[in-house]
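What follows is a single structure, written as structure tokens, with notes after it.
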Amino acid sequence: MRILVVANDGDADTGHVGARLCARVPDAEFTTLVRERHDEWPPIAPPASRSARPTEMLLILGSSWSVHWPRLAREVEAECALIRTAQAADTPILAICYGAQIAARALGGDAMPADRPEIGWCGVDAAPGTDAPVAGEWFQWHVDTFAPPPGAAVLASSPSGPQAYRLGRTLATQFHPEVTLDVVERWAADASDALPTRLGARPADLVAATRERDRGNAAAAARLVDWFLDEVATAAR
């Protein structure tokens, strides 16, 4: 199974999500597409293509970028085009945080600054009637939010805004199911990201809280990946 991972340079750790994908799909092969080098990306081959190995999944990770930054217009449009091509090819998409925001933009919704940014372990409420395993405490690290694309089913929300949506074979989450202790330690140690200070969070506290929750988060991420593979990725068009 060929999985394209879209990420920023040096921040392509798929964490618990990647681990569960490997457990469920033993022949999973990950190829990273670096946002800063979008001009080098290979085209997405449709499932029936004989000219190239087909892309069977797109995994879009988070970013310290904002979709609405004018200086990133070229990078944003390149990723939006990739997402639209994947959806047109009926390729399953799992989009996380910035990934959810840019997927919303690509598919007809939008991304914008959040009135209530979130960082740390925050509660998420499932929408009434959904069977998606999205309720509970999930790790957050965002100052932006999104307006879901037309036709999307909103699966979860928090006081900050929508937290998950589904559109066909696309599942997008504002929260970070993939984070491991190593990921949070790296983010917290990144002196170029002042988000914890701006939002009144201590990096050491974020790491300590993640250490306590890491095993439970691995299990929660596994349930979410299983639901994605069994209910979303295999859904009829």
task = Look at region 77-105 and say how many of its residues are open to solvent by less than 10 Å² (accessible area, probe 1.4 Å) and in a helix (DSSP H, G or I).
result = 11
ask   = Does region 225-237 hold any residues that are open to solvent by less than 50 Å² (accessible area, probe 1.4 Å) and over 24 Å from I119 (Cβ atoms), and which are they?
value = D226, W227, F228, L229, V232, A233, A235
key: Test: T170 is closer than 16 Å to L224 by Cβ and β-branched (V, I, T)   = yes
request  = For residues that are modelled with pLDDT under 95 and among the charged types (D, E, K, R), scanning just region 41-76, find the one that is least open to solvent (accessible area, probe 1.4 Å).
outcome  = E56
Considering residues of region 165-224 that are among the charged types (D, E, K, R) and not in a helix (DSSP H, G or I) only, the residue least open to solvent (accessible area, probe 1.4 Å) = E178
ask   = Looking at (1) assigned to a strand (DSSP E or B); (2) more than 30 Å from R202 (Cβ to Cβ); (3) touching a Lys or Arg at 6+ places or on another chain (Cβ under 9 Å), which is the only condition F139 fails?
value = (2)
ask   = Among the listed residues A73, A111, which satisfies the condition of being part of a helix (DSSP H, G or I) and of a type in the set (G, A, S)?
value = A73
task = May I ask you to list pairs of residues, at least six apart or on different chains, whose Cβ atoms are under 7 Å apart, with the first in region 200-215 being more than 17 Å from E178 (Cα to Cα) and the second being crowded, with 17+ Cβ neighbours inside 10 Å?
result = A201/I119; A201/G120; R202/P196; P203/A188; P203/P196
Residue ID - surrounded by the fewest Cβ atoms within 10 Å (Cβ to Cβ), chosen from residues in region 106-149 that are without any contact (Cβ under 8 Å) to a residue 24 or more places away in the chain and out of contact with any strand residue (DSSP E or B) (no Cβ under 9 Å at 6 or more places or on another chain) = P128
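The values are calculated or read from the model by the stated rules, or taken from the named source; none is laboratory data. Nothing here was measured: the structure is a model prediction, and the numbers come from that model. Backbone-built Cβ (ideal geometry, glycine too); neighbour counts: all protein chains shown. All accessible areas refer to the heavy atoms of the entire protein, side chains included, with ligands and DNA or RNA removed. Shrake-Rupley method; radii C 1.70, N 1.55, O 1.52, S 1.80 Å.
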